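Here the structure is laid out as structure tokens; the discussion comes afterwards.
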Amino acid sequence: FLAVSGSCHAELPLVLEDGQTERAAALIVVPDNAEPIALYAAEDLAWHVEQATGVRLSILPEAKSKTAQQSRVYLGATKAAAKNGIDVNAMAAEECVLRTVGDDLFIVGKDGPGDPLSIGHTYSGTLW
């Protein structure tokens, strides 16, 4: 059982164990027109969860995640983040917000276009 705790009273399971097997309890959601930063952050998160648990979380664009029955980890400036009061335009460069809402986790930062690992050339709040 791997979980992310967004505050002292909220817990979001990413992977659940059913007897002898583990299964994904969440999926990663990126904006429909995600910047490279959010895509890199999604792949990085999925890789780390897989290394820790052996379970790879699916990564979907927001429009394709609507019917999923799992919890969601929203990365980047999604419509759901805006609907839940996270205003990316009001953030400082490379600022990041972590917030749980119900069974979902939001990891949102001020991102810019360009190479996620290019130092000094783009904002990468979601990644860090």
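Coordinate-derived values only; no laboratory data. Remember, it's a predicted structure, so these values are computed and weren't measured experimentally. Positions of Cβ are backbone-derived with ideal geometry, glycine not excepted, and every protein chain shown enters the neighbour counts.
A few comments on the model shown:
- Estimated FRET transfer efficiency (Asp44, Asn89; beta-carbon r; R0 22 Å; 0.05): 0.35
- Under 15 Å, Cβ to Cβ, from Lys83 - net charge with Lys/Arg +1 and Asp/Glu -1: 0
- Distance-filtered residues of region 28-45 - backbone nitrogen under 16 Å, label point 7 angstrom along Asp103 Cα→Cβ: 28-29
- Overall Cα dimensions of region 39-115, principal axis frame, Å, largest first: 37, 29, 20
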